[in-house]
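The values are calculated or read from the model by the stated rules, or taken from the named source; none is laboratory data. Worth saying up front: this structure is predicted, and the values here are computed from it rather than measured. Here the Cβ is made from the backbone with ideal geometry for all residues, glycine too, and neighbour counts use every protein chain on show. These area figures cover heavy atoms from the full protein model, side chains too; ligands, DNA and RNA do not enter into them. Shrake-Rupley method; radii C 1.70, N 1.55, O 1.52, S 1.80 Å.
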Amino acid sequence: MNVVIIEDEKIVANRLEQLLLGIDDSIRILAKIRTVREAAEWLKINHPDLIFLDIHLADGLSFKLFDLLEVKTPVIFTTAYDQYAIKAFKVNSIDYLLKPIDVEALKQSIDKFKNLAGTKHFNTNDIQSLVEALKTKRGYKKRFTISTGTKIKVINTNNMAYFYVLEKSVFIRTIENKNIAIDYSLDKLENLLDPELFFRVNRKCLIHIDSIKTIYTLSKSRIKIELDPPANDDVIISFKRSALFKKWLNQ
């Protein structure tokens, strides 16, 4: 079974590869691709048996892929959105997995693929149905599941003060002042979280509205924010983002 993983989070893509090889050592991972553009170019000249496709990629929604070329290969979608009615799309050659991917759910998806293999082509009408559903049922993440060893912890977004980058890793700072590593980039988190509650103040910090303690105006129209719990470094909003920040505050 030749598989391509289209996923912009390197850690997530590597974990999915490990899970797949653990399920069936005859699986060959042909490529791991991060963007819609790269995926379209790759699929023009390669023909895998199965595609694992994240809904949100580095350059936008992965549904753009189906506007760029005809895809007849079976697809298993992956996403961190737990609000979508996934059962409605477990039809034909489509399956739908929630992150973090559970190994048992992955096994079921692989079994489903094997049972369907050779019986029918990928139905692009199902893609259109899914796109329309995503437009009408748009939701934002309300909780994250965090794996630590053999334990899985659930953290609600209303318990998160902010997200920050430290030495190329992303962490959650909870309202109880706990720091928890998370396998998402800030770019991906911006798409997952409710923009009325969360704002990307700079390239290293994404804050919840309730985490703001004090706001200071600086020279050159910059803004400094004091957060609660306190951040490790000064949180500065540049001139370019200060207008967006003020608009966000006043919505």
For segment 33-77, size of Cβ-based charge dipole, Lys and Arg +1, Asp and Glu -1, in debye: 20 debye
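I need the peptides 63-69, 217-223 ranked by packing, meaning the mean over residues of other C-beta atoms within 10 angstrom, with the highest value on top. Don't skip to the end; give the middle numbers.
Details: 63-69: 15.4, 217-223: 11.4.
Ranked from most to least packed, the peptides come out as 63-69, 217-223.
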Show HIS56, HIS47 ordered by accessible area, largest first, where the area counts protein heavy atoms only and the probe is 1.4 Å. HIS47, HIS56
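What is the gain in length, in nm to one decimal, between ASN250 and GLU196 on full extension, counting 0.36 nm per residue of separation less the C-alpha to C-alpha distance? Walk me through the intermediate numbers first.
Values: separation 54, 0.36 × 54 = 19.44 nm, distance 1.03 nm.
Taking 0.36 nm per residue and subtracting the Cα distance, the gain is 18.4 nm.
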Suppose R0 equals 51 Å; then what is the FRET efficiency for ASN232 and ILE45 from their Cβ-Cβ distance, rounded to the nearest 0.05? 0.65
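Given contacts defined as C-alpha pairs under 8 Å and at least six residues apart, what's the relative contact order of segment 152-251, whole-number percent?
In percent, rounded to a whole number, it is 21.
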Equivalent-ellipsoid semi-axes (√(5λ), Cα gyration tensor) for segment 1-83, whole Å, largest first? 19, 16, 11
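Could you calculate the contour length gain from LEU21 to SER147, that is, 0.36 nm times the residue separation minus the distance between their Cα atoms, to one decimal place in nm? Write out the running numbers ahead of the final one.
Details: separation 126, 0.36 × 126 = 45.36 nm, distance 2.02 nm.
Value of the extension gain: 43.3 nm.
With the Cα gyration tensor of segment 131-251 giving a ≥ b ≥ c as the square roots of its eigenvalues, does the rule (a/c under 1.5 for rounded; else a/b larger than b/c for prolate; else oblate) give rounded, prolate or oblate? Don't skip to the answer; put the middle values down first.
Values: a/c = 2.01, a/b = 1.28, b/c = 1.57.
The shape class here is oblate.
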HN-Hα J couplings of segment 205-213 from phi, Karplus 6.51/-1.76/1.60, θ = phi - 60°, integer Hz, Gly and Pro as x? 8, 10, 10, 8, 4, 6, 7, 6, 9
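What length, rounded to one decimal in nm, is gained on full extension from LEU186 through to ALA31, with 0.36 nm per residue of separation minus their alpha-carbon distance? Please report the intermediate quantities before stating the final value.
On the way: separation 155, 0.36 × 155 = 55.80 nm, distance 2.43 nm.
That pair, LEU186 and ALA31, stretches by 53.4 nm at full extension.
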Simple label model, 7 Å out from Cα along Cβ direction - THR174 to ASN158, nm: 1.6 nm
From the phi angles alone, apply the Karplus equation (6.51, -1.76, 1.60; θ = phi - 60°) to segment 37-51 and give each ³J(HN,Hα) in whole Hz, x where the residue is Gly or Pro. 4, 4, 5, 4, 5, 5, 6, 5, 10, 10, 9, x, 7, 8, 10
Spatial extent of segment 180-244: Rg and Dmax, with the Cα atoms as the point set, Å: 12.0, 36
To the nearest 0.05, how large is the calculated FRET efficiency for LYS213 and TYR140 if R₀ is 22 Å and r is the Cβ-Cβ distance? 0.35
